[in-house]
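The values are calculated or read from the model by the stated rules, or taken from the named source; none is laboratory data. The model shown is predicted, which means the values in this text are computed figures rather than measured ones. All Cβ positions, even for glycine, are placed from backbone atoms using ideal geometry, and neighbour counts span all protein chains on display. These accessible areas exclude ligands, DNA and RNA; they are computed on the full protein's heavy atoms, side chains included. Shrake-Rupley method; radii C 1.70, N 1.55, O 1.52, S 1.80 Å.
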Amino acid sequence: MSEPGDTEQQIRQDRLAKLAAARSRGVDLYPTGFPHRVPVAVLRERFGGLEPGTDSGQRLRVAGRVMARRGHGKAQFLDLVDASGRIQLHATADATPGYEEFGDLDLGDLIGVEGEVFQSRRGELSVRVESWQLLAKCLRPLPEKWHGLTDVEQRYRHRYVDLITNEQSRVDAIARSRAITAMRAALDEEGFVEVETPVLQPLYGGGAAKPFTTHSNELERDLYLRIADELYLKRLIVGGLDRVYELSKDFRNESISFKHSPEFTMLEWYQAYADYRDGMELVEKVVSRAGAAAGSTLDLTPPWPRRSLREAITEAAGIDPLADRDRERLVSFMQEQGMDTSGDHTWAQAVDHLLSHFVESRVTTPLFITDYPVELSPFSKRSPDDDAIVERFEAFCGGMEIANAYSELNDPLEQRERFEQQRRAAAAGDEETTPMDEDFLLALEYGMPPTCGVGIGIDRLMMVLLDKRNIREVILFPALRVLEPDDGGA
RNA sequence: GGGCCGUUAGCUCAGCUGGUAGAGCAGGGGACUUUUAAUCCCAAGGUCGCAGGUUCGAUCCCUGCACGGCCCA
């Protein structure tokens, strides 16, 4: 075994040999459990007040991964890490049975330990190893103990190694989970029910995006992975469920960027007999609860300021976007500002571009932008005061859009006309239109109550709450290009 | 999609206008029974991302490709 580049293979072979030796001694290499163990955090809570240099007189069991070792001849200290924290172990030739085999343990090994809790002279809470058991062997070398795994690509491709070595990665993963739990709780308290609607759809809709396509052999037809939950959830509102939400993955077959992932997590809720003003209050409540649960330092205390899109752009950019419907006026202004307007084919797109350029990117603390032009919003209800405006809002924070919502269009005839507009836009070359959905229109014809619908992009929200600049930092297994085979067989 | 940058030991990083590479940690051997980035001694570890080109000679210069990062769209 002396091929070049096989440091890691040599380590693996050495460790496999240790396993084989242990097996020949009759050791159960992969035992089925380790009962009655105490999480490290609980142990710390219970014994944290112990005076330095004193024993607790109490034995207990801890289990986790060996992350550091400091040897001292016939004694050694190890750091044991579980999901709740890190604790020092002290093994000695006198007190630890099988001390020699204990010394064969490698960094990364998972072990269970039983022994007395004591406070070292230097005040480090520790467990004396009075009995121990290998729970699973680590056959691969861990990254460097001080820097951990810092290579961004390796952290994403081998997230388990990132989580093993970088406590912050574990903290962030748990924070995301806590935030999601808190959002569910907030909605449940308001009488919402969580539902599940199709991921595989014969028609996609509810957003402006290109879908992934797949195929059902049994149904003998192509299906789409949903780009949004919207149209199914509104069918449930027609059916009388009144308050529904769904929290799961949507898929968009588009470019990947620091804030775009092809699969991403959406929370959508629909509230009957409510309008977009009610939606803003609930967004404030749900997001502030999520922020508290995630330990965010942002001030998300309601109420958040509200500005109309027209006011916000006029103030930030110095041009009134809604003075008329003239694309040329906006585009020439934007070009004077040095902006690339090659993607702004319509007046509405230019307005959207102004919003993201001058408003979205500058928002640090939470802000609602309200009252959007109808052209940007095929499923929103028109304002009773202005035919050209819809009752829609977006919430921005930390330079990011975190929520999009509106009073839902529930007039089936007008909804049909909006679909027709989308069809015309598609015929004109717009690749991100929403296709005619006859079954959805049929549902609306049975009557949908006035409803507010809200969508929250969970990944972007987590970026804001955890202060991450790349969506891959808040997705445990982000989309990456596949490497050529032969990345070392390692 | 465009521009810039990166890819060297398992990990974190050095490597001078081109002469086939160094350190720390991890791993191996040894000393050490309250250390905590423990310490000390010894030895070992490389297809310098991949493929071409220039050159007497390429980790280094050039081209292409792969993957990633940042910025722009």
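The figures follow:
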| read-out | value |
| --- | --- |
| Residues within region A:129-151 that are without any contact (Cβ under 8 Å) to a residue 60 or more places away in the chain, within 8 Å of RNA strand B (Cβ to nearest atom) and of a type outside the set (A, V, I, L, M), tallied | 7 |
| Qualifying residue in region A:355-367 (condition: within 15 Å of RNA strand B (Cβ to nearest atom), surrounded by fewer than 20 Cβ atoms within 10 Å (Cβ to Cβ), of a type in the set (Lys, Arg) and assigned to a helix (DSSP H, G or I)) | yes |
| Matching residues in region A:382-413 - criterion: being closer than 19 Å to A:Glu438 by Cα and in contact with a strand residue (DSSP E or B) (Cβ under 8 Å, 6 or more places away or on another chain) | A:Glu408, A:Leu409, A:Asn410 |
| Residue match in region A:106-121 (condition: in the same structural domain as A:Gly53 (by TED's automatic domain parsing), surrounded by fewer than 15 Cβ atoms within 10 Å (Cβ to Cβ) and at pLDDT below 95) | yes |
| Residue in region A:379-390 that is within 30 Å of A:Arg178 (Cβ to Cβ) and either within 17 Å of the chain's Cα centre (by Cα) or not aliphatic (A, V, I, L, M) (or both) present | no |
| Total residues in region A:47-62, condition in contact (Cβ under 8 Å) with a residue 24 or more places away in the chain and out of contact with any helix residue (DSSP H, G or I) (no Cβ under 9 Å at 6 or more places or on another chain) | 11 |
| Some residue of region A:291-302 being touching a residue at least 12 places away in the same chain (Cβ under 8 Å), under 28 Å from the mean Cα position of the chain (by Cα) and under 30 Å from A:Ala425 (Cβ atoms) | no |
| Some residue of region A:166-175 being within 7 Å of RNA strand B (Cβ to nearest atom), open to solvent by less than 60 Å² (accessible area, probe 1.4 Å), within 34 Å of the chain's Cα centre (by Cα) and of a type in the set (Asp, Glu) | no |
| Count of residues meeting criterion [assigned to a strand (DSSP E or B) and open to solvent by 80 Å² or more (accessible area, probe 1.4 Å)] in region A:179-196 | 1 |
| Single match in A:Arg159, A:Arg155 (criterion: under 28 Å from A:Val38 (Cβ atoms) and of a type in the set (Lys, Arg)) | A:Arg159 |
| Some residue of region A:217-231 being in a loop (DSSP other than H, G, I, E, B), farther than 28 Å from A:Met280 by Cβ and charged (D, E, K, R) | yes |
| Lone unmet requirement of (1) farther than 13 Å from A:Leu367 by Cα; (2) open to solvent by less than 20 Å² (accessible area, probe 1.4 Å) for A:Gly318 | (2) |
| Among the candidates A:Ser120, A:Ser56, residue that is more than 33 Å from the chain's Cα centre (by Cα) and near RNA strand B (Cβ under 7 Å from one of its atoms) | A:Ser120 |
| Unique match (being in contact with a Gly (Cβ under 9 Å, 6 or more places away or on another chain) and within 8 Å of RNA strand B (Cβ to nearest atom)) among A:Gln88, A:Gln76 | A:Gln76 |
| Tally of residues being part of a strand (DSSP E or B) and farther than 16 Å from A:Met436 by Cα across region A:197-216 | 6 |
| Unique match (being of a type in the set (A, V, I, L, M, F, W, C), out of contact with any Lys or Arg (no Cβ under 9 Å at 6 or more places or on another chain) and more than 19 Å from A:Leu142 (Cα to Cα)) among A:Leu50, A:Leu60 | A:Leu50 |
